[in-house]
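Report on the structure given below.
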Amino acid sequence: MKTIIEPFKVKVVEPIKMTTRNEREGYLKDAAYNLFLLKAENVIIDLLTDSGTGAMSAEQWSALMRGDESYAGSKSFYRFEAVVRDIFGFEQVIPTHQGRAAERILFSVMCRKGSIVPNNTHFDTTRANIEYLGAEADEQFWWRTAGLDGEHPASESDLLSLQVAALFRCLSICRERLLH
């Protein structure tokens, strides 16, 4: 059912400092337009990250209170592991606290020096995890994927563009090796 309001009650709120447009422009200028140098207290709506931007539900809060935080062998982990295995069918389950930690584990297994990791646009920590291993974070800005062609939604993968980019990359590497 479509509604104008969200179909839930917010359980926790945090006051935010309201700023004027002139103040926000000043904060940006003082930070040399680097969003990572802004003080969080001066940001009204944080669009830099998707971490921690929503209120938790009553079920999430109660699960937090019921959680078993034992160092090893906790009931919470075994419940989590069973659900992940049921949904995804994975034999091994390695929980991580955040996406960048999961990326670090994934890239350490999947990448090596000289690997190329194409993406529409790499998030800053994704790029750092790739480049730390000596691999290359290859930016491929696809118009269709970005939704700029007017026909396709922004989330649609453009596999043809990826294949063309991969082909040109392979040809470039082959040419470079043949010439040297």
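For the condition in contact with a Lys or Arg (Cβ under 7 Å, 6 or more places away or on another chain), surrounded by 10 or more Cβ atoms within 10 Å (Cβ to Cβ) and not assigned by TED's automatic domain parsing to the domain that holds residue 124, residue 31 does not qualify. Using the structure shown, decide if residue 46 is modelled with pLDDT of 80 or more and acidic (Asp, Glu). Taking the combined requirement at face value, the residue does not satisfy it.
Filter region 11-28 for residues that are at pLDDT 90 or above and surrounded by 10 or more Cβ atoms within 10 Å (Cβ to Cβ) and give the result.
Filtering region 11-28 down to residues at pLDDT 90 or above leaves 18-28.
Passing the criteria: 19, 23, 24, 25, 26, 27, 28.
For a quick check of your reading: which helices (runs of 4 or more DSSP H) sit entirely within region 10-120 and have at least 3 residues that are closer than 29 Å to residue 136 by Cα, out of contact with any helix residue (DSSP H, G or I) (no Cβ under 7 Å at 6 or more places or on another chain) and free of Cβ contacts under 8 Å to residues at least 40 places away in the same chain? In region 10-120, 99-110 are the helices (runs of 4 or more DSSP H) which contain 3 or more residues that are closer than 29 Å to residue 136 by Cα, out of contact with any helix residue (DSSP H, G or I) (no Cβ under 7 Å at 6 or more places or on another chain) and free of Cβ contacts under 8 Å to residues at least 40 places away in the same chain.
If the condition is being closer than 24 Å to residue 167 by Cα and assigned to a helix (DSSP H, G or I), then region 121-130 contributes 126, 127, 130. For region 131-156, filtering for residues that are at pLDDT below 70, loosely packed, with under 14 Cβ neighbours inside 10 Å and under 12 Å from residue 118 (Cβ atoms) leaves 1.
Taken together, the residues in region 95-119 that are loosely packed, with under 11 Cβ neighbours inside 10 Å and either closer than 28 Å to residue 163 by Cα or of a type in the set (A, V, I, L, M, F, W, C) (or both) amount to 3.
The values are calculated or read from the model by the stated rules, or taken from the named source; none is laboratory data. Since the model is a prediction, treat every value here as computed from it, not as a measurement. For neighbour counting, all protein chains shown are included, and Cβ atoms are generated from backbone atoms with ideal geometry for every residue, glycine included.
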